[in-house]
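The block underneath contains the structure these notes are about, expressed in structure tokens.
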Amino acid sequence: MDKRFANIFGLTEEQSIALLDTPPEQAGDESERYVAASQLANYPSEASIDALIRAVNVTYDSLDNRIARRKSVESLGKLKATKGIDAIRGCLSDEDRYTVEAAVWAIGEIGTDNTEILEEITQLLAKPNQTYRVIIHTLVKLNYGAAVDRVRPFMDHENEPTASAAISTVCLFAQDFSQIDRVVSFLQSDNVDARRACLEDLINSRYYAAIPAIARCPISLMFRLRAVRTLAENGIASGNLTVEQVLPVIEQILLDHPKDLELVHEYDQPPALEFLIQELYHTDFGRTYLATKTFIDHPIDAAPEALFATYEAEAHNDYGAHYHVMKLMGWLHHQPAYDLLIDALDNTSPQFMKSRAGAALSLGELGDQRAIAPLQTSAQSKIWMLQYASLMALEKLGDYSQHKLLLDANDWAVKAKANQTVPMAANAHQA
């Protein structure tokens, strides 16, 4: 479990248990039991698990208690608390659809081969107004192939993420890939949720042929990298792919130039600079990449100054816009951005991890030899994408010293990159 953001509320385990055990009708702050349930996911002890089970069994009828119950169920799932499975199972028949969703998800996280429980989950597919995608994904995770015929009708569901999940599940359980191209087509959906969702489905169905299309999908590179690396690891292990086939795709995604994406939006008229700046904050990266492409294809003299201004005003604290500002400074070859990029390269806050890789690549684009030393340092990071991006940037600057030091890197992609590049660099030098 990722604990980088754990305990942001500063509650101890004892404090969290005491708050969660407070009867709902006596709770001072309406959100305190929810917060306590959330915090207990960070404390994998019997005491925490028992407190969460007690909270799940509190059925006091209020919105605040329903929310606290859902979060308690979710925390039991995060803790993979087998002891809580019976209490969670009881939530499968709850009238609150969100509590049912949380219960299904938690059972998937904990795991079970109890066919009675698996059937109860499957039967939810026949119940109106449920979160069918979560149900279908849980059946896949628990490998309950007996549900396949009850999943089939959802292949034509009006909700694209649900249809995507159903198609990929039939592919997996029935080995029927006749409609897999429909899942691939969702990578170009106008709906950003559908674009993100189908990545998980392509991973589940292990459809390796989708890797190039995933690389071109206009969503965050973090989603694309995860999908491609997961498929690659499975494909290489099974002999369906080679490392040499995958590395160019990883580099294309890391480079993240909008020309390499299939954009799903377009402008009906030339946008103003102020509009383009605001698009860098959009949660749909399809719109953000269109703005980025416009900045690159139609340079505006005032753009760098506007990027600096938005960085100072908001983007320094918005990890999405922060990343796009860092990348644009490189694509626009704006030399005065050097110090800003160095600061981003050294920013160790976890939410700015992709900005570090973006800054490394932008330093390579600027071509300033001063960047070699800091990039050599970042190439020795423990973060694979920062290592890889730093190697790519160093190549742009003509330095291969770190490649030689990473011939036995812990990450398979970084190791392959180093081993592929060192002989090429040596041959070029001899020539």
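Taken together, the values in this text are just the output of simple stated rules run on the coordinates, not laboratory data. Because the structure is predicted, anything quoted here is derived from the model rather than measured. Note: ideal-geometry Cβ built from the backbone for every residue, glycine included; neighbour counts use all protein chains shown.
Measure nothing fancy, just the Cα-based angle from helix 319-331's long axis to the longest principal axis of the chain, in degrees from 0 to 90, nearest 10. Helix 319-331 sits roughly 20 degrees off the main axis of the chain. Taking label positions 7 Å along the Cα-Cβ direction at both Thr115 and Tyr281, the computed distance is 5.6 nm, reported to one decimal.
Put simply, when 369-380, 202-213, 34-45 are sorted by average Cβ atoms within 10 angstrom per residue, most first, you get 34-45, 202-213, 369-380.
Along the axis of the charge dipole computed for segment 275-373 (Cβ charges of +1 for Lys and Arg, -1 for Asp and Glu, origin at the Cα centre), the listed residues Gly364, Ala309, Leu328 are led at the positive end by Gly364. The angle between the Cα long axis of helix 63-78 and the longest principal axis of the Cα atoms of the chain comes to about 70 degrees, rounded to the nearest 10.
Cross-link partners of Lys80 among lysines, defined as those whose alpha carbon lies under 19 angstrom from its own and excluding same-chain residues fewer than eight positions apart: Lys3, Lys71, Lys141.
By how many nm would the segment from Gln175 to Gln130 lengthen if fully extended, with 0.36 nm per residue of separation less the alpha-carbon distance? Intermediate results must be reported in sequence, preceding the final value.
On the way: separation 45, 0.36 × 45 = 16.20 nm, distance 2.63 nm.
Answer, rounded to one decimal: 13.6 nm.
So what does log10 I(q)/I(0) come out to for the chain at q = 0.06, 0.10, 0.14 Å⁻¹, using the Debye formula with one equal point on every Cα and no solvent? Values returned for q = 0.06, 0.10, 0.14 Å⁻¹ are -0.31, -0.86, -1.30. With the dipole of the chain worked out from charges on the C-beta (+1 for Lys and Arg, -1 for Asp and Glu) around the Cα centre, which of His298, Ile253, Asn191 lies farthest toward the positive end? It is Ile253, whose Cα lies furthest towards the positive end. Take every pair of alpha-carbon atoms less than 8 Å apart whose residues are at least six positions apart; their mean separation over the length of the chain yields a relative contact order of 7 percent. Packing, taken as the mean count of other beta carbons within 10 Å per residue, orders the peptides 180-187, 361-368, 12-19 from highest to lowest as 361-368, 180-187, 12-19. With respect to the chain, whose longest principal axis is taken over its alpha-carbon atoms, helix 353-366 is tilted by about 10°. Calculated mean residue ellipticity, 222 nm, the chain: -18500 deg cm²/dmol, from DSSP H runs (n ≥ 4) at -39500 (n - 2.57) each, averaged per residue and rounded to 500.
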